[in-house]
Number of protein chains: 2
Amino acid sequence: MSLGDRKRTILRAVIIDYIDTAEPVGSRTIAKKYEMGISSATIRNEMADLEELGYLEQPHTSAGRIPSDKGYRFFVNELMELQRPSSYEIEAVRNFFDRTTIDEIDNIIKQISKVLSSITQYTSAVLSPSVKKSSVKSIQLIQMSLTDIIAVIVTDTGIVRHCKIKIPKPISSNTLTAINNMLNEKLTGLTIEDIDLSVISSIQLEMKGYNEILNSIIPVLNESLKSFDCDIFLDGTTNIFHYPEYNDIEKAKNFLSLLEHKEKLLDIFSEDDSNITVSIGKENIYDEVKDCSIVKASYKIGDKTLGKIGVIGPTRMNYAKVIGILKYLTDTLNYILKNQLDE
Amino acid sequence: MSLGDRKRTILRAVIIDYIDTAEPVGSRTIAKKYEMGISSATIRNEMADLEELGYLEQPHTSAGRIPSDKGYRFFVNELMELQRPSSYEIEAVRNFFDRTTIDEIDNIIKQISKVLSSITQYTSAVLSPSVKKSSVKSIQLIQMSLTDIIAVIVTDTGIVRHCKIKIPKPISSNTLTAINNMLNEKLTGLTIEDIDLSVISSIQLEMKGYNEILNSIIPVLNESLKSFDCDIFLDGTTNIFHYPEYNDIEKAKNFLSLLEHKEKLLDIFSEDDSNITVSIGKENIYDEVKDCSIVKASYKIGDKTLGKIGVIGPTRMNYAKVIGILKYLTDTLNYILKNQLDE
DNA sequence: ATTAGCACTCAATACATTAGAGTGCTAACA
DNA sequence: TGTTAGCACTCTAATGTATTGAGTGCTAAT
């Protein structure tokens, strides 16, 4: 069902005011501050309707109204005007990128997380590309000492990983080259999760002479790649203290404890959806964030989704601003990644 | 000046009780709970003396006493009995190490940080070895694609670093080998901070033919190594909520904000001192931690100090337990590092 | 030197009062 | 018939007041 024009205007005003002040909004405030041209009594009637329809709530009988999750949802879908980043914010993003050496994707997204939290004043989270779903672009073994070799892997998603492998006895450079070539031949183009027993045994089959050395390398390499899939970078974790909803020590504690549980955050941010998603309060699947809102977006290279970048904060979030910034930031990021990695 | 025996006993009892309960301790409590064999009135007199001497404080006239920074200091230096880790704690440490793949130092100390915060229930901080003060053990350039090479550096402190370098035009494998050899010859054994203009120009002098390619590699390499010296890993940041002194939202906020300022923490933890140090409240140099205590210890390889591992929490800290655990943990860590890296 | 006893202090708690913001309803009005 | 002025009502937040109790400091007796 669709709301009448006047109800929409009033609902929008209530939400905007509440996002701004964090105080329940009364009918007089609306009438005066937003120049509706109608009396507070009329607004009161409309607000009573809006409450009945579930868009507004009353903390107690004699208080003003605050938006419900449903209210925010309607606001996000139908009422708000997306806010373009201010020139100040655009400047801030530029500066950040200018100061960052753009080499590896991990560094880039760590920086992005910083920018995002600093200009939104919420907590930002950035999910790095999945190692498992990346494919091998190149892999090189190098000998660092008699007992150690280091494997370096570069993926199509721009991730560079190294891992140190102890070997039982010294290895000739010819052998290393041979293994190197074989690994590249067999693994290049495969995603990490595709590297299974059959691939591994096919390598071992073709390199019968090197069994002992292969057995010390491959399991370590395999485990190292698979043990550590995505990482999540947070920033602005103490930003929540800006918002009165977290003046309650219990609330703050819950929020911050969530941030310490990376697995949970990974779950929350890994959900597969493309483009920008907004989850408001109880819409969230996980209990821990049922009184938070999460806005997140995918960043990509070409049309392959690499990871997520998002913001987490109170349901009373400045959605118009956050979504605007997030759009701008992912566009910038996608552009950089494309030029950087797609060659 | 030295305190009389009875005063010492009373002071110890007050501090132990306060560390346990976080409530100001009254004379009756001491008399009853700690079976002094003297009356509360006598204890009152002694406590008044201890206050005059600066070891105890009174939040207000009709409250019990709480230890002052000076009181804690005296306790740490003279009164406390160091607490050996419980068998449960030892077990926890063992488990952690068994589950961790011990390869690179960064992984090890990240894990250590987790163990430390989990068994102390304070916030732990671990300072990684300084890159600048590490010396190059081996350096290898590898070609990943026509436009990218990756440099991998291993230091005597066990740090493995890689950095990606864009090159203007393809490079032959012979050239790469030549540069590789030269870099190793010139840099091995030098600390990173010793790599200055004179070293670099000596390399360029001896490799006149490769000037163009060297110019694209060396600055990037140099910057990458020097830009990022130590890192600090935190864990258990929300542990402070266990302690009533942080029930005040302002206090919690200050504490957590400090933790977001890595530079400050780096300063605090980098101070050069060996072995175990305890800084109590106002003894700390930095304002931000003047109502906290910090206990930290060095970890080493042989007798070279690599970094720090420590705990930060309220001045009402269980010093006896924390110091005991920290001793045990650094011993374990030093042992592992020695076997792992010193070959 | 120690201790019992007592008057005193002060934070914390509970309770009562008030002020004010905001509502819902009714009746009058355009 | 939709809008509005007006008013009684509700409920929180703020403020003031009394009470309680833990703990002290001092004094006088042991």
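The values are calculated or read from the model by the stated rules, or taken from the named source; none is laboratory data. Every value quoted in this text rests on a predicted model; they were computed, and no experiment measured them. When we count neighbours, we look across all protein chains shown, and the Cβ atoms used for this are built from the backbone with ideal geometry, even at glycine. What goes into the accessible areas is simple: the full protein's heavy atoms, side chains included, and nothing from ligands, DNA or RNA. Shrake-Rupley method; radii C 1.70, N 1.55, O 1.52, S 1.80 Å.
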- Task: Report, as a whole number in µm² per second, the diffusion coefficient that Stokes-Einstein gives for chain A at 4 °C and 1.567 mPa s using the Kirkwood radius over alpha carbon pairs.
- Result: 56
- Distance between Cα centroids, the stretch A:67-94 to the stretch B:79-101: provide it in whole Å. 50
- Average beta carbon contacts from partner chains per residue of B:255-264, 10 Å cutoff: 2
- Message: For residue A:103, what residues show an amide H to amide H distance below 5 Å, using hydrogens built from the backbone and excluding near sequence neighbours?
- Response: A:108
- Percent RCO, i.e. relative contact order, over chain B, from Cα pairs under 8 Å lying at least 6 residues apart: 18
- Query: Amide H to amide H, which residues 5 or more places from residue A:301 or on other chains are under 5 Å from it, using H placed in the peptide plane?
  - Reply: A:306
- Query: For the stretch A:5-79, which whole-number percentage of the solvent-accessible area (1.4 Å probe, protein heavy atoms only) is attributable to carbon and sulfur atoms?
  - Reply: 44
- Task: Could you work out the Kirkwood radius for the protein assembly as shown, taking every pair of different alpha carbons, averaging 1/r and inverting it, reported in Å?
- Result: 29.1
- Query: Looking only at Cα atoms, what is the convex hull volume of the stretch A:148-187 per residue, in Å³?
  - Reply: 69
- Item | Amide hydrogen neighbours beyond the local backbone of residue A:148, cut-off 5 Å, H modeled | A:167
- Note on the structure: So residue B:250 and residue B:202, fully extended at 0.36 nm per residue minus their Cα-Cα distance, gain in nm 11.7 nm
- Message: Give the average over all directions of the projected area of the C-alpha convex hull of the stretch A:5-79, one decimal, in nm².
- Response: 4.4
- Message: Within 10 Å of each Cβ in A:160-168, how many Cβ atoms from other chains are there, averaged over the peptide?
- Response: 4
- Item | Pairwise label distance in nanometres, residue B:63 with residue A:107, each label 7 Å out on the Cα-Cβ vector | 5.1
- Label-to-label distance, nm, for residues given as residue B:88 and residue B:282 (7 Å Cα→Cβ offset): 3.7
- Whole-Hz Karplus couplings 3J(HN,Hα) for the stretch B:231-243, θ = phi - 60° and coefficients 6.51, -1.76, 1.60, Gly and Pro as x, run 10, 10, 10, 10, 8, x, 5, 8, 4, 4, 5, 6, 10
- List the distances, in nm and shortest first, from the label point of residue A:52 to the matching label points in every other copy, placing each point 7 Å from Cα along the Cα-to-Cβ direction. 7.7
- Query: How many nanometers, to one decimal and shortest first, lie between the label point of residue B:302 and those of its other copies, if labels sit 7 Å from Cα toward Cβ?
  - Reply: 5.1
- Shielding score for A:100-112, defined as the mean number of other chain Cβ atoms within 10 Å: 2
- Message: Out of the total accessible area of the stretch B:136-227 (probe 1.4 Å, heavy atoms of protein only), what percent is carbon and sulfur?
- Response: 56
- Check the straight Cα-Cα distances from residue A:296 and name the lysines below 18 Å, setting aside those fewer than 8 residues away within the same chain. A:110, A:114, A:262, A:264, A:282, A:304, A:308, A:321, A:327
- Query: Using the heavy atoms of the protein chains alone and a 1.4 angstrom probe, what is the accessible area of the stretch B:159-231 per residue in square angstrom?
  - Reply: 51
- Got the relative contact order for the stretch B:136-227 handy, in percent, Cα pairs under 8 Å and 6 or more residues apart? 28
- Quick one: what do you get for the stretch A:136-227 if you divide its Cα Rg by 2.2 N^0.38 Å? 1.00
- Message: Once the label point is set 7 Å along the Cα-to-beta-carbon vector, what list of distances in nm do you get between residue A:94 and its counterparts in the other copies?
- Response: 6.2
- Note on the structure: Note on the stretch A:220-343: alpha-carbon gyration tensor, axes a ≥ b ≥ c; rule is a/c under 1.5 for rounded, else prolate if a/b larger than b/c, else oblate; result oblate
